[in-house]
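The values are calculated or read from the model by the stated rules, or taken from the named source; none is laboratory data. Worth saying up front: this structure is predicted, and the values here are computed from it rather than measured. Methodologically, a virtual Cβ is constructed for each residue, glycine included, from the backbone with ideal geometry; neighbour enumeration extends over all protein chains shown. Each accessible area value is taken on the protein alone, full model and side chains, heavy atoms only, with ligands, DNA and RNA left out. Shrake-Rupley method; radii C 1.70, N 1.55, O 1.52, S 1.80 Å.
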Amino acid sequence: MEKRMPPAQARLKDPASYVLPRIVRTSRLDLCPASVDDAAAVARAQGESHAELVPWFHGTMGTAGQERDARWQSERLAEAVEAAQRRERLSYLAWASGVCVGAVDLIPQWRRGQFRLSYWVRSSACRQGYGAELAPAMIRAAFGALDARLVTTGHAAPNTASAGLARTLGFRQIACQPLGYEMPDGLLVDGIAYAIEDIAVLPPLKIAWA
């Protein structure tokens with residue numbers, strides 16, 4: 001007889017009671033909470049990557065000039081710090097040998113134990129396997145440190161790189177929303193959503209957090 005799981009209940013724990021990791025470390029990466037002090041490094045990473053990232057992040061990115069501006073990035077990072085303090089969005093920057101190679105956000109729904117994953121890798125660091133490290137590292141930290149039940153992610157249908165990484169990491173597709181994403185030129189394309197409910201599906205990755 002198939003064993004039925006008991007119904008899940010909303011959690012009443014205060015989100016502020018969760019201790020956010022100060023660092024999540026893999027063999028090549030240090031993932032650290034975003035800080036205003038990182039503005040110059042983020043400006044260099046986002047500035048060089050604007051053309052590649054803007055098709056998928058145009059709703060949240062600035063112009064190419066803004067993204068290259070450390071002062072503008074400082075204001076954005078200050079907002080990210082405040083969002084983390086309110087436990088609304090947890091933003092981490094990925095560092096390799098002292099260089100910012102990307103970032104990952106976890107957007108929580110604490111009562112559900114659900115986190116939405118968003119990430120980017122700078123252009124000069126693409127095709128070096130960093131996405132396949134930073135994304136599963138934060139997924140493992142979400143389950144291990146933040147008591148996640150479910151981690152979701154998604155992308156516009158034309159974003160084949162994100163689709164490939166989702167499959168590599170073991171995400172299962174849970175939805176396809178017709179006309180769910182608007183491209184910068186106004187073209188409407190499908191939005192694809194994925195979920196992970198158990199880190200056992202992830203490829204092996206040695207990580208630690210503190």
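Kindly indicate whether any position in the stretch 87-108 is modelled with pLDDT of 95 or more, more than 17 Å from Lys206 (Cα to Cα) and among the acidic types (Asp, Glu).
Among the residues of the stretch 87-108, at least one is modelled with pLDDT of 95 or more, more than 17 Å from Lys206 (Cα to Cα) and among the acidic types (Asp, Glu), which makes the answer yes.
For the stretch 135-150, which residues satisfy the criterion of being in contact (Cβ under 8 Å) with a residue 40 or more places away in the chain and either part of a helix (DSSP H, G or I) or surrounded by fewer than 20 Cβ atoms within 10 Å (Cβ to Cβ) (or both)?
Pro136, Ala137, Met138, Ile139, Arg140, Ala141, Phe143, Gly144, Ala145, Asp147, Arg149, Leu150, listed by residue number.
Taking the stretch 34-69, which residues are under 19 Å from the mean Cα position of the chain (by Cα), among the polar types (S, T, N, Q) and in a helix (DSSP H, G or I)?
Gln46, Ser49
Tally the residues that are more than 25 Å from Glu133 (Cβ to Cβ) and either of a type in the set (Val, Ile, Thr) or out of contact with any Phe, Trp or Tyr (no Cβ under 8 Å at 6 or more places or on another chain) (or both), restricting the search to the stretch 164-195.
14
Restricting the stretch 36-87 to residues that are among the polar types (S, T, N, Q) and surrounded by 16 or more Cβ atoms within 10 Å (Cβ to Cβ), which is farthest from Ala142 (Cα to Cα)?
Out of the qualifying residues, it is Gln66.
Is it the case that the stretch 62-69 has a residue that's farther than 17 Å from Leu20 by Cα and in contact with a His (Cβ under 6 Å, 6 or more places away or on another chain)?
For the stretch 62-69, residues farther than 17 Å from Leu20 by Cα and in contact with a His (Cβ under 6 Å, 6 or more places away or on another chain): present.
So in the stretch 95-114, with the set limited to residues that are under 12 Å from Ala45 (Cβ atoms) and surrounded by 15 or more Cβ atoms within 10 Å (Cβ to Cβ), which one is nearest to the chain's Cα centre (by Cα)?
The extreme case among them is Ala103.
Give me the pairs: first residue in the stretch 171-186 and outside any strand (DSSP E or B), second residue surrounded by 13 or more Cβ atoms within 10 Å (Cβ to Cβ) and among the β-branched types (Val, Ile, Thr), beta-carbon distance under 7 Å, and six or more apart or on different chains, which are they?
What qualifies is Phe171/Thr153; Phe171/Ile196; Met183/Val189; Pro184/Val54.
Which residues, taken from the stretch 151-210, are farther than 24 Å from Gly113 by Cα, in contact with a strand residue (DSSP E or B) (Cβ under 8 Å, 6 or more places away or on another chain) and loosely packed, with under 13 Cβ neighbours inside 10 Å?
Pro178, Leu179, Leu188
Say whether the condition of being outside any loop (DSSP other than H, G, I, E, B) and in contact with a strand residue (DSSP E or B) (Cβ under 9 Å, 6 or more places away or on another chain) is met by at least one residue in the stretch 70-79.
yes
Could you list, in sequence order, all residues of the stretch 20-47 that are β-branched (Val, Ile, Thr) and farther than 27 Å from Ala132 by Cβ?
Result: Val36, single match.
Which of the residues that make up the stretch 124-134 are open to solvent by 30 Å² or more (accessible area, probe 1.4 Å) and outside any loop (DSSP other than H, G, I, E, B)?
The answer is Ser124, Ala132.
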